[in-house]
Amino acid sequence: MSPNKPLVVVFGATGNQGGSVLRTLAAHPESYTVRAITRSTKSRTAQELATKYPHVQWVEADIENPSSLNRAVANADVVFGVTQFFQPSVLSAVDTNQDAEFLQGKNVIDACVAENVGYVVFSTLPSAKKLSNGKITEALHFEGKYKIHEYLAAQPIDSAVIQLGVYFQNNIDSTSWNESGDTVVLSFIGDVHKKIAYVDVNRDTGPYVKYIIDNREQAKGKVFPVCSGYYSTADIAEALSKVTGLKTTTLELPTSVVDNNDLRAMFELLKTHEIFAESPNHLETNKLVPFEFTTPETYWRTSGFQGPPKKQ
Ligand SMILES: NC(=O)c1ccc[n+]([C@@H]2O[C@H](COP(=O)([O-])OP(=O)(O)OC[C@H]3O[C@@H](n4cnc5c(N)ncnc54)[C@H](OP(=O)(O)O)[C@@H]3O)[C@@H](O)[C@H]2O)c1
């Protein structure tokens, strides 16, 4: 452990959020020692990252298996934690155990406390129930993360939490061609003109977490929404036209088309509330981070998206 070159343990290192943190920190081997966590060092993504960043340490661990975690976080100055709601083990347990995602976070935090880790940065979300004054109760992937936040704050360990906005990446799955095949349709479950908090998870997460790590003392106890700005589906469609020259239009879908209770509750929340209402000045905080956050135009440009696959 060295305060000048902290050992940073990154969970979810082969995925979106953790991958962004890994790439950002690994680009500065003079400043950070990085230990990446994966369930399998043999996976293709882990192997590719290990080849690209040979100075990164790799340790196998599973956030659902507490006995694997102490070794993973041992001697860490900082641990970046992220949980996984949308995976079979959590989704299949949700009806009988609403704490399935919370337990993933608790396992990581308990290991950090046991191993005397210096600082934890955890990816969480606010409570949909709290934001909606008790009306939206089924957005479990918000409640589980909020519970992790509360649990972390009660531990004898310094910490900060990040909360990600809606990924720009989700828009790709919402694109299709219209009947005549000359216009890209961006559909959204809710009001296509309502501006909501967006982020490029792959590009923006790492710089934000690096800022927190570099300013651990000032960041302690704080909540950092990671959001590059507020945009509507109509804004995002317009940016797609501008970048690619494609004709675009939007399509509004009712929340009733979603058959998953958790996601339907999330879309209700996005329709009626502002997810970062508890951090009203958070876009000001972005200015502290020496990084140009992603706009819809930069998102479409850097994603290389040229339209959904054409129907055969
Ligand atoms: N989509 C959105 O708009 C949005 C917005 C805000 C927050 N979120 C939240 O973001 C979270 C997902 O983050 P992400 O997008 O970074 O996920 P992701 O890209 O799906 O990454 C998941 C990574 O976590 C690792 N992982 C999965 N299960 C694990 C386990 N049991 N133990 C250890 N590692 C495990 C996997 O690594 P290995 O396979 O290498 O083990 C994988 O690379 C979700 O909880 C979601 O609710 C999503």
query: To the nearest µm²/s, what D does Stokes-Einstein give for the chain at 37 °C and 0.692 mPa s, using the Kirkwood radius over alpha carbon pairs as Rh?
result: 161
- request: Return the single residue from GLN169, GLN47, GLN87 with maximal mean-square fluctuation; model: Gaussian network over the chain, springs between Cα atoms under 10 Å.
  value: GLN87
- request: Give me the distance in nm between label points sitting 7 Å out from Cα along the Cα-to-Cβ direction at PHE291 and ASP158, one decimal.
  value: 2.0
- prompt: In percent, what relative contact order does the chain have, based on Cα pairs under 8 Å that are 6 or more apart in sequence?
  reply: 17
statement: Contact order relative to length for segment 1-97, counting C-alpha pairs under 8 Å separated by 6 or more residues, stands in percent at 33
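Treating only the Cβ atoms of Lys and Arg (+1) and Asp and Glu (-1) as charged, compute the dipole magnitude of segment 7-303 about its Cα centre; round to the nearest 20 debye.
For segment 7-303, the charge dipole is close to 460 debye.
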field: Distance (nanometres) between label positions extended 7 Å along Cα→Cβ at ARG39 and ARG301
entry: 3.8
Of the trypsin sites (Lys or Arg not before Pro) in segment 234-312, those whose Cβ has at most 14 other Cβ within 10 Å and which sit in DSSP loop: LYS287, LYS310, LYS311
- line: Placing +1 on each Lys and Arg Cβ and -1 on each Asp and Glu Cβ in segment 133-279, then taking the dipole about the Cα centre, the residue among HIS193, VAL209, ALA219 whose Cα reaches farthest towards the positive end is ALA219
- prompt: Relative to the present Cα-Cα distance, how much length would full extension add between GLU150 and ALA50 at 0.36 nm per residue of separation?
  reply: 32.6 nm
message: Please compute the modelled spin-label separation between THR96 and LEU263, points set 7 Å along Cα→Cβ, answer in nm with one decimal.
response: 2.4
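Using just the helices of the chain, give the 222 nm mean residue ellipticity in deg cm²/dmol: DSSP H runs with n ≥ 4 each add -39,500 (n - 2.57), and the total is spread over all residues, rounded to 500.
Value at 222 nm, helices only: -11000 deg cm²/dmol.
None of the figures in this text is laboratory data; all of them are computed from the coordinates on show. Nothing here was measured: the structure is a model prediction, and the numbers come from that model. All Cβ positions, glycine included, derive from the backbone under ideal geometry; neighbour counts span all protein chains shown.
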